[in-house]
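A short worksheet on the structure shown next.
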Amino acid sequence: MKPGQIFLSDYKAPTYQILSTELTFNIENDVCRVLQKSSYKSIYSNSPPHALFLDGSESLILESIKLNGIELSASAYRVAPEGLTLAAPPAEFNIEITTLLGPHTNSSLEGLYAANNGQMLCTQCEAQGFRKITYFLDRPDVMTIFTVHIQADKKKYPTLLSNGNLTQSKLLDNGRLQVTWHDPHKKPCYLFALVAGDLGLLKDEFKTLSGAKVSLEIYSAHGTQARCHHAMESLKKSMAWDEQRFGREYDLSTYMIVAADDFNAGAMENKGLNIFNSRLVFADSATATDVDYFNIEGVIAHEYFHNWTGNRVTLRDWFHLSLKEGLTVFRDQEFSMDMSSREMVRIDSVADLRSRQFAEDAGPNAHPIRPESCFAVDNFFTSTIYEKGSEVIRMMQTMVGRPGFRKGMDLYFSRHDGQAVVIEDFAKAIADANNQNWEQFKLWYSQAGTPQIKVQESYSDNDQSYTVEIEQSCPPTPNQTTKKPFHIPLVIGLLDERGVELEFTHPQVAVNSEGQKLIHLKEQKQSYIFKNLKSRPHLSINRQFSAPITVNFERSLAEHIFMLRHDTDSFNRWEASQVIMAEQFKVLLKDTANKIDKRYLEALGELVTNTDLPEDFRAALLTLPDNEYLSQSLAMIDGPSLHNARSNFQKQIAQALEVSLISLYKQFHGINTQSKSAKDFGRRRLKNLALRYLCHIETHLPLAVQQQQNAANMTDEVAALSILVDQPKELRSTAIHGFYERWKNESLVLNKWFQTQALSTSTETFATVVELMKHPDFNIKNPNRVYAVLLRFGENLVRFHDEKNPTYKFMADQIIAIDKINPQVATRVAGAFDTWQKLAPDQKKKAHVELQRMAQSGLSKNTYEIVSKQLAAELP
Ligand code: ARG
Ligand code: ZN
């Protein structure tokens, strides 16, 4: 055990509960004084007095502490950087604590901090920010009723918000405004929120299923209200969807959202008062892309859905974070699927899972969705906890069917409303409602790593039988060298020789309420024999990506192309195209003189012009997997050769499909430029992808130049810019300059400008990134800017791993500097080194030097945890 490490197995129930908490925030010019009055009650009725530790933080200045109305003597308590110990408090007591905070110097953006150039104060308490506000039992299994008074100068802060209902608002003689908020729902302090500012308001209303009126309020800087309509519409859709799909209604009379320009994450589900990164609130045609529109809808839904999955039913401890995050991601994905196209949303979320979560599962920071230890709780906000957590819940839904899953959810809420529970409680509710035994299935919670299956098939003409053999394995991950077999639900189907779906029944194949055929792989190796098949069938396996695994099924190119053309499962058609592209990519990686197989190019050409297929689906078929995903199956990462193979691949496709790509571009460019329909999103996606391919042929580059100059929406403008930044100097700098001149006053658009340059494959990129850090519009304290430049550059495998530049030293310098300002942001940027073990020997050495230097530089425990795991990882 290392100092500071905490373990799931050490969990102990709290010895005290807090019956109620009253907070008074007195906001002055530079400081904020917080008076906390809480009443505590021991959970033991007659145990001798024992010490009680209240969480706090170094930044707190303790001004006064009273117990039952009497100022505590120095011997009755002790203050340390991590908190305050009451020596021997009685079994029941009232405590009054006054602390002094400096929100304007709090650059960590957790606790109470200043955002929007100091114009607004807001909070971020998840996971452990509340202890930067006052001494408290800062743990999710301590829930209490909060009453909050806020007092501030009315001119500077006319908007004063907290959770729940506004019960009082009065103007004091001295020009100060005092408001009182009361939240009738018990909650852990990580869901506490406060906002003080001078904000504009967009208001609307929602009537719940049972007839209650809810006032919907989006607060943001004055003048930005016109950009909040999409968020508002998304909120109303989310509220209606949760009623229909899960029977869940909202439970307060007001639902507030506040947009903050400085925010570490995407958004936060504080009870009744969500705080959002403004990039996930603001949208209009001029400044937001189609993807922004989609993401805003999804995150608004995500935070709204937390009201039941997270707030009403919360966590016992942070090791169970996936209880709410996995489940809420599942719910927001289902919502997005219902709002647009189920198949496309599924394809996009799987592509994202494989690029980011599979990489995490194969790297130094691999962890189970219910981790067993950690240094910094904030490091749990990973794609494993979120996206893989969601996949595990999706498997449950697949196994019990949608109606069964709904029954299980109802049971979960009726059993656990108002409680702080663990992941097993959720699995048990779904299993109990459906008479399932999920002992083995629960290994998904405790075992890290991406399981793989190897599929082998054989057909015997003699007895017309078809045998499928499936073998599972899971690579070792840190601290878990061997794994037990998983329970893997696989949706399957068989196609006949014309590609027609075969109807069959089989004792080992279950059918769920959606009519999906399901096999439960539980053994390490299992065989399935299908009899009376007149010819060899074509197997479609892991349809809809029913399990988050890697499928290893060695098939001929002709067989993959057959599935690409005929599978009745749209996901697996896309999957066939991904498998083929990955294989062909490897061929080109070996030697750039190699050619993509003609049979595939022919099939692809037919499919992308097949008007029976939706445009977005055609775009997905035409999309080469990203470098993150492709490099997972490579032994070594070499940036420039990835780049060469990739451009070669795209050029060959462009040449082979040139005529079709031009006609697709012409067909869909310039039509319905303002439309926000899923159909038009899909058309733009397809034609902008066509443009990207075409620009690998020099003569088509003017199309991108014209598109940038005449763009009628941000989707087209960024698409063109991202093509042009990869071009030689002249085109590149004209594009960058033109974009800047047009958008220099739009902060959110400038993020795109920074990010597009950081992601460029140009050999100039490193020099550009260095310059961008000195740009007057760069601000090292603003997370969106840092992510746009440094997180993106770290993801740019081609140029981050280009041996010609001292990229690792540069990145380590930035991480060390940012860690002093904001550890959570530095931690995320440090992810750039996750793949260092897969670099070429020289590069690896350089990265190793930087990792050691970072580890010895006095990092925060957040960043230290990540860097030390990177150093410790011994990849094969
Ligand atoms: N609970 C928030 C959400 O999913 C995320 C908060 C992020 N917090 C953090 N420490 N990174 O929606
Ligand atoms: Zn969440």
What is the extension gain from residue 44 to residue 182, computed as 0.36 nm multiplied by their sequence separation minus the C-alpha to C-alpha distance, in nm to one decimal?
46.8 nm
Taking R0 as 41 Å, what FRET efficiency do you get between residue 79 and residue 778 from their Cβ-Cβ distance, rounded to the nearest 0.05?
0.60
Find the centroid of the Cα atoms in the stretch 563-610 and in the stretch 621-694, then give the distance between the two in whole Å.
13
Rounded to the nearest 10 Å², the accessible area of residue 112 using a 1.4 Å probe with every protein chain kept is 10
Rounded to the nearest 20 debye, dipole of the chain from Cβ charges on Lys, Arg, Asp, Glu
280
Kindly sort 173, 284 by accessible area of their heavy atoms, largest first, with the probe set to 1.4 Å.
173, 284
Charge dipole of the chain about the Cα centre (unit charges at C-beta), most positive-ward option of 114, 239, 146:
114
Taking the alpha carbon gyration tensor of the chain, what are the square roots of 5 times its eigenvalues, largest first, to the nearest whole Å?
46, 33, 27
Please give the per residue accessible area of the stretch 789-846, computed with a probe of 1.4 Å over protein heavy atoms only, in Å².
36
Assuming 0.36 nm per residue, please report the length gained on full extension of the stretch residue 154 to residue 203 beyond their Cα-Cα distance.
15.5 nm
Any idea how far the Cα center of the stretch 82-119 sits from the one of the stretch 142-168, in Å?
16
The answer for the net charge of residues other than residue 554 whose Cβ lies under 13 angstrom from its Cβ, with Lys and Arg +1 and Asp and Glu -1, is -3
With every protein chain left in place, what is the accessible area of residue 303 in Å² (1.4 Å probe, nearest 10)?
10
The ³J(HN,Hα) series, computed from each phi in the stretch 230-246 with the Karplus coefficients 6.51, -1.76 and 1.60 at θ = phi - 60°, rounded to the nearest Hz and given as x for glycine or proline, is 5, 4, 5, 4, 4, 5, 5, 4, 5, 5, 5, 5, 5, 5, 5, 7, 10
How large a share of the accessible area of the stretch 265-347, in percent, is made up of carbon and sulfur atoms when the probe is 1.4 Å and the other protein chains stay in place?
54
According to the square roots a ≥ b ≥ c of the eigenvalues of the Cα gyration tensor, what is the shape class of the stretch 177-243, taking rounded for a/c under 1.5, prolate for a/b larger than b/c otherwise, and oblate for the remainder?
oblate
Please report how far the C-alpha centroid of the stretch 282-346 lies from that of the stretch 491-557, rounded to the nearest whole angstrom.
31
Based on the Cβ-Cβ distance from residue 709 to residue 498, what FRET efficiency comes out when R0 is 51 Å, to the nearest 0.05?
0.55
Is the shape of the stretch 233-348 best called rounded, prolate or oblate, per the rule: a/c under 1.5 gives rounded, else a/b larger than b/c gives prolate, else oblate, with a ≥ b ≥ c the square roots of the Cα gyration tensor eigenvalues?
rounded
Would you list which aspartates and glutamates come within 15 Å of residue 388, measuring only between C-alpha atoms, while excluding same-chain residues fewer than 8 positions from it?
325, 332, 334, 348, 352, 360, 361
For the stretch 4-80, with every protein chain kept in place, what is the accessible area per residue (1.4 Å probe, Å²)?
57
FRET E, pair residue 840, residue 414, Förster distance 51 Å, beta-carbon r, rounded to 0.05
0.35
Under the 0.36 nm per residue contour assumption, what length would be gained going from the current alpha-carbon distance of residue 674 and residue 244 to full extension?
151.8 nm
Identify all lysines with a Cα-Cα distance to residue 271 below 20 Å; exclude those on the same chain that are fewer than 8 residues away in sequence.
132, 186, 187, 203, 207, 213, 236, 237, 324
Three-way shape call for the stretch 591-726 based on the alpha-carbon gyration tensor, with the a/c threshold at 1.5:
prolate
Set of aspartates and glutamates near residue 428 by C-alpha distance (under 16 Å), chain-local residues within fewer than 8 positions excluded:
410, 417, 439
Using a 10 Å cut-off on Cβ atoms, rank the peptides 771-780, 214-223 from the highest mean neighbour count down.
214-223, 771-780
On a 31 Å Cα-Cα criterion, which of the cross-link pairs 517/676; 595/666; 484/838 come out too long?
517/676
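The values are calculated or read from the model by the stated rules, or taken from the named source; none is laboratory data. Since we're looking at a predicted model, the values are computed, not measured. Here Cβ is always computed from backbone atoms with ideal geometry, including for glycine, and neighbour counts include all displayed protein chains. Ligands, DNA and RNA are stripped out before the accessible areas are found, and what is left, the full protein with its side chains, is counted by its heavy atoms. Shrake-Rupley method; radii C 1.70, N 1.55, O 1.52, S 1.80 Å.
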